[in-house]
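Reviewing the structure listed below.
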Amino acid sequence: MIVFEKVVKQYGGNVVLRELDFAVQPGEHVTLIGPSGSGKTTILRLLMTLEKADGGTIQVGEDYLTHMERRGKLVPCDEKHLRRVRRRIGMVFQQFNLFPNMKVMQNLTEAPVRVLGLSKDEAAERARDLLELVGLSDKADAHPSQLSGGQQQRVAIARALAMRPDVLLLDEVTSALDPELVAGVLNVLKDIAKTTDITLLCVTHEMGFARDVSDRVLMFDQGVVVEEATPAKLFTDPDHQRTRDFLRAVIERA
Amino acid sequence: MLWDWGYAIDILPELLRGLLVTVQATLLGSAVAYALGLVFALVRRSRIPVLSQAVWLLVEFVRSTPLLVQLFFLYFVLPDLGIRFDAFTTGVIGLGLHYACYTAEVYRAGIEAVPKGQWEACTALSLPRSRVWTGVILPQAVPRVLPALGNYMISMFKETLLLAISVLELVGAAREVGSDTFRYIEPFTLAGIFFLLVSYPAGVLVRRLERRVGYAT
């Protein structure tokens, strides 16, 4: 579903990703862990086309995200091509980023109506189903500012799902939440992981969540994958010292 | 006696007509300034360098020259170039263009105050660019800057007197009735009071708006 090949990303002189290779299968749930600044979030931002790679290729499905094929050759892609590929990907942000000028319902129907061409009624029906899924059926007419952080994040998850993406990117979705609100959001995500065949790519510091939903966990450090394994293996018996140090630090903090 | 009530009442209709012209010029001028300023702000952000630089140059030029000079230019130079509007229209265009260069900066500040995450959410949802502006960015940017826009309308109201070079707005009317009788104290005092009667409540309204916007964001 997703293939990174020799992807390089740098900010100024600071190299964030060094010729990164990794792949995610359709329907797979992959979690990226590692210290801050190790490039995890950059991977999601590259996939969402919020950043451009400085080198290498990224594929989503059979399309390239970094390039497009023209007469059998790979050329830098244009905005139209990006639009098409982007539509298969959804993202949930650390800061929710709901539209504060719209009610919850319109947050959910805006893109399906404007981008997918759904009728208002179809979009509203889809939105109601999703609000039920995230446990916020009674909040359709609320403004985002009237909701708690946890509720806002659940609306943001519903908003991303309303576009029926093949891939859902979760960028530290509980990091900005008060501790008592984290569980509600994670339960919604576990539910989605269990009941849909969506491909999940998460960056998180919630190791319990990573263990519960992931098929595979990737340990990142300094722009490369240090270790990858099933959660059972990685969390109990990691091969690398760097992974052991990181896990110990995270567990001590929690 | 210095102040002649009978005379003051006699000239009142003349002055009220002047006030009406002033208010009309302000409303029309602001409409031009608000619309054109938004266009300027958007073009400045556009990815077409030639256009955005041309607007930058125009804005800087207009902001660094006095409104009176610009009005003289429109009144006396444009007709020589074969472009003729009536005096009132020319004045409204002049006021509107001048203030558009200030409102453009106000809009720009409002747009830049919208968090980056809003743009990113729009990208993540693949919203078309036009809808990003009309549905997400401007509805958040404009309410924030309404008080600043309102303040510019009040300044414009007071600067309409520059149109007096060829339009009988409030100050022009006061001067005209004064020159008929050589009594200036009543017309100019009344003109000042009229300005106060409009500007002060308008200022109160803008401050109230400021407080409301403060709560909303």
> Assuming R0 = 35 Å, what is the FRET efficiency of B:Ser130 and A:Lys52, from their Cβ-Cβ distance, to the nearest 0.05?
Replying inline: 0.95
> So how strong a dipole does the protein assembly as shown carry about its Cα centre when Lys and Arg Cβ are +1 and Asp and Glu Cβ are -1, to the nearest 20 debye?
Replying inline: 480
>> Between B:Trp56 and B:Ala113, what's the calculated FRET efficiency when r is the beta-carbon distance and R0 is 22 Å? Round to 0.05.
In response: 0.60
> How many angstrom lie between the C-alpha centres of region A:29-45 and region A:74-136?
Replying inline: 23
> How many partner chain Cβ atoms sit within 10 Å of a residue's Cβ in peptide A:102-111, on average, as a whole number?
Replying inline: 2
> In straight Cα distance, which aspartates and glutamates are under 12 Å from A:Lys40, not counting same-chain residues fewer than 8 positions off?
Replying inline: A:Asp171, A:Glu172, A:Asp221
> Gaussian network model of chain B, Cα springs within a sub-10 Å range: biggest mean-square fluctuation belongs to which of B:Val50, B:Val114, B:Val142?
Replying inline: B:Val50
> What helices does chain B hold that run 15 Å or longer along their axis, going by alpha-carbon atoms, with a Kyte-Doolittle average of 1.0 or more, using DSSP H for the helix calls?
Replying inline: B:5-45, B:49-63
> If the cut-off is a Cα-Cα distance under 14 Å, which aspartates and glutamates reach A:Lys190, setting aside same-chain residues fewer than 8 apart in sequence?
Replying inline: A:Glu28, A:Glu206, A:Asp212, A:Asp215
> Can you give the calculated 222 nm mean residue ellipticity of the protein assembly as shown, where each DSSP H run of n ≥ 4 adds -39,500 (n - 2.57) and the sum is split over every residue, rounded to the nearest 500 deg cm²/dmol?
Replying inline: -18000 deg cm²/dmol
>> Order these by the 10 Å Cβ neighbour count, fewest first: B:Thr65, B:Thr22.
In response: B:Thr65, B:Thr22
> So, in nm, how far is label B:Leu68 from label A:Lys190 when the simple model puts each one 7 Å beyond its Cα toward the Cβ?
Replying inline: 7.6
> Most exposed first by the Cβ proxy, i.e. fewest other Cβ within 10 Å, how do B:Tyr152, B:Tyr99 rank?
Replying inline: B:Tyr152, B:Tyr99
> Per residue of A:163-173, how many C-beta atoms from partner chains lie within 10 Å of its own C-beta, taken as a mean?
Replying inline: 1
> Can you pull the semi-axes for chain A, root of five times each eigenvalue of the Cα gyration tensor, sorted largest first, whole Å?
Replying inline: 29, 25, 15
> Which distance in Å, rounded to a whole number, links the C-alpha centroids of region B:146-217 and region B:35-85?
Replying inline: 24
>> Quick check on the exposure proxy: order B:Phe61, A:Phe220, B:Phe182 from fewest to most C-beta atoms within 10 angstrom.
In response: B:Phe182, B:Phe61, A:Phe220
> Using a Gaussian network model of chain B with C-alpha springs under 10 Å, which one of B:Thr90, B:Thr189, B:Thr160 is most mobile by mean-square fluctuation?
Replying inline: B:Thr189
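Every read-out reported here was derived from the displayed coordinates using simple, explicitly stated rules and does not represent laboratory data. Computed from a predicted model, the values in this text were never measured in an experiment. All Cβ positions, glycine included, derive from the backbone under ideal geometry; neighbour counts span all protein chains shown.
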